[in-house]
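The values are calculated or read from the model by the stated rules, or taken from the named source; none is laboratory data. Bear in mind that the values here come from a model prediction, so they are computed numbers and not experimental data. Virtual Cβ from ideal backbone geometry, glycine too; neighbours counted across all protein chains shown. Keep in mind that these areas ignore ligands, DNA and RNA; they rest on the heavy atoms of the full protein, side chains included. Shrake-Rupley method; radii C 1.70, N 1.55, O 1.52, S 1.80 Å.
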Amino acid sequence: LGDVYKRQTNYWVLFGQIASLEQEQRIFQNLWIKPTKENMNLWERGESPYSKLFISAALLSRGLWRQAFTHWRGYYTKMLKHPEAWSIFEFWDRSFSLKQPVPRNSFVHAFGIGPLAHLAMYVVGLRPLNPGFQGIIWEPMPGDLKWFQAELPLVNWSSSIKVKLETLKTGKRIFTLEKPESLFVEIRKTFLNSTDQLIVRNR
C-alpha cells in the first residue's frame with residue numbers, strides 16, 4: 001500500500017488480530033515511544049478521523065487505555081478548541097490552524113463520530129451480555145479520569161442506563177449505575193483500582 005498507509009495498516013492489523021505476539025510488540029514499539037507519547041513522525045503526511053475508530057478499538061480491546069487516552073487527547077482536544085467545532089469534524093489534522101476554516105469539513109459523515117462508541121463500550125464499560133440486552137456487562141476502563149456522566153439507551157427497553165463517576169477528596173472513585181429493576185448486571189473490575197467502588201441502583 002506504500003508509505004502513505006503504513007500507520008493506518010499497522011492499526012488495522014492490530015484491530016483484525018492477525019499479527020503474532022512478537023509482531024504486535026514490534027508494531028507498538030514503532031507506533032509509541034512510550035505509553036503516553038505517540039511517534040508523531042509516522043503521521044508526517046497528516047491524519048484524518050477515518051482511521052480513529054480502528055485505532056481506538058485496537059488499543060482499548062487490549063486494555064491500553066493510556067495509549068488510547070493519549071491519542072484522543074492529542075487529536076480531539078485541539079479539534080474541539082476550533083471555533084467551528086460544535087460537532088466532531090469529518091476531516092481534521094493536528095497541523096490545522098485554529099484560526100482558519102477547516103477544509104473539506106462535514107458534520108454528517110459517519111466516520112466523524114470517531115471513537116464515541118468506545119466511550120460507552122470501554123470507558124463507561126457497558127456491553128450486552130446476551131442478545132436483546134436482557135443482561136449487560138459493566139466493566140469500566142476509566143483510566144485516569146476523575147469524573148464522567150453517561151446515559152445510554154437500551155435495545156428492546158423503554159428505559160436507559162445512567163452511569164456516573166465521582167471522585168472523593170480522599171481520591172476514592174465512586175461509580176454509580178442506575179438501571180431498570182429487571183435488568184441483570186454482571187460486574188467486572190478488570191481495569192479498576194483496588195479503592196474504586198461500584199454501586200448498582202434500580203429505578
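Among the residues of region 183-199, those identified as within 23 Å of the chain's Cα centre (by Cα) and either assigned to a strand (DSSP E or B) or of a type in the set (Lys, Arg) (or both) are 185, 186, 187, 188, 189, 197, 198, 199. Which residues, taken from region 160-185, are in contact (Cβ under 8 Å) with a residue 40 or more places away in the chain and loosely packed, with under 15 Cβ neighbours inside 10 Å? Of everything in region 160-185, just one residue is in contact (Cβ under 8 Å) with a residue 40 or more places away in the chain and loosely packed, with under 15 Cβ neighbours inside 10 Å, namely 184. Could you check, for region 55-69, whether at least one of its residues is part of a loop (DSSP other than H, G, I, E, B), modelled with pLDDT under 90, open to solvent by 10 Å² or more (accessible area, probe 1.4 Å) and among the hydroxyl-bearing types (Ser, Thr, Tyr)? Looking through region 55-69, none of the residues is part of a loop (DSSP other than H, G, I, E, B), modelled with pLDDT under 90, open to solvent by 10 Å² or more (accessible area, probe 1.4 Å) and among the hydroxyl-bearing types (Ser, Thr, Tyr). The set of residues in region 11-44 being in contact with a helix residue (DSSP H, G or I) (Cβ under 8 Å, 6 or more places away or on another chain) and either acidic (Asp, Glu) or part of a strand (DSSP E or B) (or both) consists of 24, 32, 37, 38. Checked against (1) of a type in the set (Gly, Ala, Ser); (2) farther than 21 Å from residue 68 by Cα; (3) in contact with a Phe, Trp or Tyr (Cβ under 8 Å, 6 or more places away or on another chain), residue 125 passes all but a single condition, namely (2).
Scanning region 163-182 for residues that are farther than 12 Å from residue 125 by Cα, of a type in the set (D, E, K, R) and not in a loop (DSSP other than H, G, I, E, B) yields 166, 173, 178, 179.
Evaluating residue 49 against the criteria (1) under 27 Å from residue 140 (Cβ atoms); (2) open to solvent by 20 Å² or more (accessible area, probe 1.4 Å) leaves one unmet condition, (2).
Under 6 Å between Cβ atoms, which residue pairs at least 6 apart in sequence (or on different chains) link something in region 122-134 that is of a type outside the set (Asp, Glu) with a partner that is part of a helix (DSSP H, G or I)? Between residues of region 122-134 that are of a type outside the set (Asp, Glu) and residues that are part of a helix (DSSP H, G or I), the close pairs are 122/60; 126/120; 127/121.
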